[in-house]
1. Under the definition of Cα pairs under 8 Å and six or more residues apart, what whole-number percent is the relative contact order of the range 30-92?
2. Give, in nm to one decimal, the length gained when the segment between Ser15 and Lys65 is fully stretched (0.36 nm per residue of separation minus the Cα-Cα distance).
3. Let me check I've understood the local charge: for Ile41, count other residues with C-beta under 13 angstrom from its C-beta, Lys and Arg +1, Asp and Glu -1. What total comes out?
4. Excluding residues fewer than 8 places away in the same chain, name every one of the lysines whose C-alpha is closer than 24 Å to that of Lys65.
5. Amide H to amide H under 5 Å from Ser15: which residues, 5+ apart in sequence or cross-chain, H placed 1.01 Å off N in plane?
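No lab work stands behind these numbers, since they all come straight from the coordinates. Keep in mind that this is a model prediction, so the values were computed, not measured. Every residue, glycine as well, gets a Cβ built from its backbone with ideal geometry; the counts of neighbours run over all protein chains shown.
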Amino acid sequence: MMRDDDIPVTVFVKSSSGSEIASKLSGYFVLKGQEFRFTAIAFGRIGGHNASIKIPKTTLDKIAKMGIDPEQLQITIQRKLIEGDIILPEGSKPPPSD
C-alpha cells in the first residue's frame with residue numbers, strides 16, 4: 001500500500017458555510033484520475049487550525065483496492081485543507097488568514 005506522505009491527490013472545495021470559528025465544507029478529491037466526494041468540518045482559533053474529514057466507507061474501500069492507505073490519504077487531505085492547498089470554485093476567495 002502507498003503510505004507516502006505526498007499521495008498525489010488534488011482537493012476541490014465546492015461549498016462552505018459557517019462562522020469564523022468553524023465551517024462545514026463539501027467537495028471532492030481526484031486520485032488517479034477518479035473523483036471522490038467528501039465532507040469536512042474545518043475549525044480553528046484556540047489550539048490552532050484543524051479539519052475533520054468524512055469520506056464514505058465504500059470510497060475508502062475503493063481507495064484501499066487501488067493500493068493506497070486510506071488513513072494516510074485522509075491525513076494528506078486534512079493537511080491540504082489546513083494549509084490551503086485546495087482549489088476553490090471560480091469567483092471564491094479563501095477566508096482571511098490570521
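1. 25 percent
2. Gain on stretching Ser15 to Lys65: 15.1 nm.
3. +2
4. Straight-distance partners of Lys65: Lys32, Lys54, Lys57, Lys80.
5. Residues meeting the criterion, in which the H sits 1.01 Å from N, are Ser26.
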